[in-house]
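K.L.:
Provided herewith is a single structure, encoded as structure tokens, for subsequent inquiry.
The values are calculated or read from the model by the stated rules, or taken from the named source; none is laboratory data. A quick note: this is a predicted structure, and the numbers were derived from the prediction, not measured. A quick note on method: Cβ atoms are made from the backbone with ideal geometry, for glycine too, and the neighbour counts reach across all protein chains shown.
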Amino acid sequence: MRKLGSQIIVMKFKLDKRKIALLIVTLLCVVVSLFAQAQPFFKSHKSINPYQYEVVKEKSFNNAAVTSAHPLASMVGAAIMQDGGNAFDAAIATQFSLAVVFPGAGNIGGGGFMLARKANGELIGIDYREAAPKNASRDMYLDEKGNPIQSKSLDGASASGIPGSVTGMISTHNYAKLPLALLIEPAIELAEYGFVITEREAKGLNSEKANFLKNSSAPSAFTKREWKSGDTLFQPELAATLKRIQQKGLAGFYEGPTADMIVNEMKHSGGIISLEDLKNYQPKFRKPIEFDYKGKHIISFSPPSSGGIIIAQMLKMIEPFKVETLGSNTIESVSLMVEAQRRAYADRAEHMGDPDFWKVPTKTLISDAYAKDRMKDYVPGVAGSSKITLAGQVHESEQTTHFSVIDMEGNMVAITTTLNDTYGNKTIVAGAGFLLNNEMDDFSVKPGVPNMYGAIGGEANSIVPGKRMLSSMTPTLVTVDNKPYISIGTPGGTTIPNQVFEGLVNIFDHKMSLKAAIDAPKFHHQWIPDAIGVESDFPEATINALKAKGYTVAKRGRFGRMDGIMILSDGKRNAAGDKRGDDSVAGY
Ligand code: DON
């Protein structure tokens, strides 16, 4: 009996174990299938694994390519094109994905510029730059004595302009092929089911944890723990916000619960964005800046970005000097280019601002005659001075992110988008899970007072309700013989136009490959301060020669993260991501 009994017991136990195992397997299958159903995008794109992915720095693709600050965002964009979308579809999916996987700069709480050239030659410039709220005023960042309080224009909700990114993407959708809901889906899944973060992201989130907690009204997904590379970041509140946009379009962000949450967050740190500001925000279509340089046709963004005008001015100023014979980053080429930078940035401070509030003399500034006149006191090999070189007389009444897309048809998109500083104002909208910008600091808070990039400005860039702050973002496209050739851009505050300028000179004059041009060490002069900043790997011989000529030269960390795509002579899309970040390319 005992034996039998024990046999029965053993049998029962065996049966239970089998049953339990079966139950576990069934449960697992249910979870996996639910998870898969809930993830329609990643389920049908098994080659993209949010939990295991690699950075690809350079590759040429037969049909289409994306290059952005994060491998997952690039892969999402490329997959969207493989699914039948065009470069606009890919750009929208990439921007929303960056808002999840690259929270330091990818955003829905910031703004940016979308520059495109359709395969038929049509140019499109969408300005979705943040705007000053209705209750903003000229001296809002000054104390009673008239001194600037920079923390107010940098930290917390008081620093935020009205976000433009969601309208920017919805306007871009006019040129896309696939439904908007489908383009937002990958971002929702990345936020809801998480993705593995890189070491760079882990460090960034940890270093700002105290600021996130101080500047926001509630803890957030970012402040849950100390992060390390390989951890999975889940952002359920951001997923819910993205779902509201997916379901309701503009109203999912600028009205209803998301708008209420933004306005509530304002109370925590002196913000002034109202429901009315959000509802009234409009993106603007801007006519791009166009000019030629040595047989290449360059298209870039117009004010309120200063970038297009500045690169036009600088390239025109150096064009007569045969830069191709001077070598890259030599004393001869750097001193010439620095003198062009000095002059263009002096004009930026004086003449550039939101064109709806300030008459920007664009036509004159980018004319050949003006460039020639500006360089008439240039003496090769002699250091200039910003005390002598002022803005021209014109008589005419670490974090932003750039990404580029070129599709199979030849549509080219270049988008630079930002929260201004890395992680913006460090304020996460409670309940909505996204960071707000601190773009108000890009205004000139007082004439002659430098902003966080050391740039000064005056009346042209003063604060007025509804006005957009002057930007340096320079999304740029190039065509040759009316055919698409390059899409390029970079973050880096005021260094942006100079980086694009130097990148283009590296390609056109020094015949570098796109990747080499992007990775080459950069230098920067912005008129005031009267000093040249150089990246840490800049050639020592050139630094010493510049110092010997009387220039002040200071080494700085890295300047930006330039991403670009170039169409090679065989039609292949050669995509390159900057060595300076996690930037990564994808395509097919
Ligand atoms: O619009 C601008 O010029 C700045 N807000 C860009 C900021 C930026 O590039 C920061 N990146 N490192």
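K.L.:
Out of the stretch 64-87, which residues are in a helix (DSSP H, G or I) and closer than 24 Å to Asn420 by Cα?
P.N.:
Hits for the stretch 64-87 are Pro71, Leu72, Ala73, Ser74, Gly77.
K.L.:
Just give me the residues in the stretch 99-134 being among the acidic types (Asp, Glu) and within 15 Å of the chain's Cα centre (by Cα), in sequence order.
P.N.:
Matches in the stretch 99-134: Asp127, Glu130.
K.L.:
Looking at Thr417, is it among the hydroxyl-bearing types (Ser, Thr, Tyr) and in a loop (DSSP other than H, G, I, E, B)?
P.N.:
no
K.L.:
How do the pairs read when you match residues in the stretch 49-62 that are at negative phi with residues anywhere that are charged (D, E, K, R) and part of a strand (DSSP E or B), using Cβ under 8 Å and keeping only pairs 6 or more apart or on different chains?
P.N.:
As it stands, the answer is Ser60/Arg573; Phe61/Arg573; Asn62/Arg573, since those pairs meet every condition given.
K.L.:
Right, another one. Of Gly457, Gly392, Gly384, which residue is at pLDDT below 95, within 13 Å of the ligand (Cβ to nearest atom) and out of contact with any strand residue (DSSP E or B) (no Cβ under 9 Å at 6 or more places or on another chain)?
P.N.:
Exactly one residue qualifies, and that residue is Gly457.
K.L.:
Take Asn411 and tell me if it is within 16 Å of the ligand (Cβ to nearest atom), polar (S, T, N, Q), crowded, with 20+ Cβ neighbours inside 10 Å and within 22 Å of Gly489 (Cβ to Cβ).
P.N.:
Taking the combined requirement at face value, the residue does not satisfy it.
K.L.:
Suppose we filter the stretch 483-520 for residues that are more than 16 Å from the ligand (Cβ to nearest atom), within 17 Å of Ile415 (Cβ to Cβ) and of a type outside the set (S, T, N, Q); how many remain?
P.N.:
Here the count works out to 2.
K.L.:
List the number of the failed condition for Ala349; all other conditions in (1) under 30 Å from Tyr175 (Cα atoms); (2) within 16 Å of the ligand (Cβ to nearest atom) hold.
P.N.:
(1)
K.L.:
Return the only residue of Pro355, Pro380 being in a loop (DSSP other than H, G, I, E, B) and within 28 Å of Ile507 (Cβ to Cβ).
P.N.:
Result: Pro380 is the single residue among Pro355, Pro380 that is in a loop (DSSP other than H, G, I, E, B) and within 28 Å of Ile507 (Cβ to Cβ).
K.L.:
From the list Lys294, Lys322, Lys284, Lys359, exactly one residue is within 16 Å of the ligand (Cβ to nearest atom) and surrounded by fewer than 20 Cβ atoms within 10 Å (Cβ to Cβ). Which is it?
P.N.:
When all the criteria are applied, what remains is Lys284.
K.L.:
Hey, among Ile406, Ile388, which residue is of a type in the set (Val, Ile, Thr) and under 30 Å from Asp582 (Cα atoms)?
P.N.:
Among Ile406, Ile388, only Ile406 is of a type in the set (Val, Ile, Thr) and under 30 Å from Asp582 (Cα atoms).
K.L.:
Within the stretch 466-481, can you find the residues that are within 16 Å of the ligand (Cβ to nearest atom) and among the hydroxyl-bearing types (Ser, Thr, Tyr)?
P.N.:
Ser471, Ser472, Thr474, Thr476
K.L.:
Give me the pairs: first residue in the stretch 434-445 and more than 24 Å from Pro257 (Cα to Cα), second residue more than 9 Å from the ligand (Cβ to nearest atom) and part of a helix (DSSP H, G or I), beta-carbon distance under 7 Å, and six or more apart or on different chains, which are they?
P.N.:
Met440/Ser153; Met440/Ala159; Asp441/Ser153; Asp441/Leu154; Asp441/Ala159; Phe443/Asn461; Ser444/Asn461; Val445/Ser153
K.L.:
Suppose we filter the stretch 539-567 for residues that are hydrophobic (A, V, I, L, M, F, W, C) and touching a Leu at 6+ places or on another chain (Cβ under 9 Å); how many remain?
P.N.:
The total comes to 3.
K.L.:
I'm trying to understand the selection: among the residues of the stretch 568-582, which are in a loop (DSSP other than H, G, I, E, B) and among the basic types (Lys, Arg)?
P.N.:
Lys572, Lys579, Arg580
K.L.:
Looking only at the stretch 322-334, count every residue that is part of a helix (DSSP H, G or I), more than 21 Å from Ala312 (Cβ to Cβ) and within 30 Å of the chain's Cα centre (by Cα) and tell me the total.
P.N.:
0
K.L.:
Right, here's the next one. Kindly provide the set of residues from the stretch 140-166 that are outside any loop (DSSP other than H, G, I, E, B) and surrounded by fewer than 19 Cβ atoms within 10 Å (Cβ to Cβ), ordered by number.
P.N.:
Leu142, Pro148, Gln150, Ser151 - these are the residues of the stretch 140-166 that are outside any loop (DSSP other than H, G, I, E, B) and surrounded by fewer than 19 Cβ atoms within 10 Å (Cβ to Cβ).
K.L.:
Is it fair to say Met317 is in contact with a Gly (Cβ under 7 Å, 6 or more places away or on another chain), of a type outside the set (D, E, K, R), more than 16 Å from the ligand (Cβ to nearest atom) and modelled with pLDDT of 95 or more?
P.N.:
Answer is no for this residue.
K.L.:
Okay, moving on. Tell me whether the stretch 297-308 contains one or more residues that are within 15 Å of the ligand (Cβ to nearest atom) and in a strand (DSSP E or B).
P.N.:
yes
K.L.:
Condition first: closer than 24 Å to Val66 by Cα, in contact with a Phe, Trp or Tyr (Cβ under 8 Å, 6 or more places away or on another chain) and modelled with pLDDT of 95 or more. Can you find one or more residues in the stretch 350-365 that meet it?
P.N.:
Checking the stretch 350-365: not a single residue is closer than 24 Å to Val66 by Cα, in contact with a Phe, Trp or Tyr (Cβ under 8 Å, 6 or more places away or on another chain) and modelled with pLDDT of 95 or more.
K.L.:
What is the residue count in the stretch 425-447 for residues that are touching a helix residue (DSSP H, G or I) at 6+ places or on another chain (Cβ under 9 Å), in a loop (DSSP other than H, G, I, E, B) and either more than 10 Å from the ligand (Cβ to nearest atom) or hydroxyl-bearing (Ser, Thr, Tyr) (or both)?
P.N.:
Of the residues in the stretch 425-447, 14 are touching a helix residue (DSSP H, G or I) at 6+ places or on another chain (Cβ under 9 Å), in a loop (DSSP other than H, G, I, E, B) and either more than 10 Å from the ligand (Cβ to nearest atom) or hydroxyl-bearing (Ser, Thr, Tyr) (or both).
K.L.:
When you look at Ser137, is it assigned to a loop (DSSP other than H, G, I, E, B), more than 25 Å from Met408 (Cβ to Cβ) and more than 12 Å from the chain's Cα centre (by Cα), yes or no?
P.N.:
Taking the combined requirement at face value, the residue satisfies it.
K.L.:
What number of residues within the stretch 234-255 are more than 29 Å from Lys152 (Cβ to Cβ) and out of contact with any Gly (no Cβ under 6 Å at 6 or more places or on another chain)?
P.N.:
12
K.L.:
Within the stretch 289-311, which residues are under 29 Å from Lys134 (Cβ atoms) and touching a strand residue (DSSP E or B) at 6+ places or on another chain (Cβ under 7 Å)?
P.N.:
Those that are under 29 Å from Lys134 (Cβ atoms) and touching a strand residue (DSSP E or B) at 6+ places or on another chain (Cβ under 7 Å): Phe301, Ser302, Pro304, Ser305, Ser306, Gly307, Gly308, Ile309.
K.L.:
Could you list all residues from the stretch 208-237 that are closer than 13 Å to Gly431 by Cβ and either in contact with a strand residue (DSSP E or B) (Cβ under 9 Å, 6 or more places away or on another chain) or of a type in the set (S, T, N, Q) (or both)?
P.N.:
Scanning the stretch 208-237 gives Ser216, Ser217, Ala218, Pro219, Ser220, Ala221, Gln235, Glu237.
K.L.:
Ile463 - would you say it is within 30 Å of Asp277 (Cα to Cα), buried (at least 24 other Cβ atoms within 10 Å of the Cβ) and away from the ligand (no atom under 14 Å from the Cβ)?
P.N.:
Criteria not met by Ile463.
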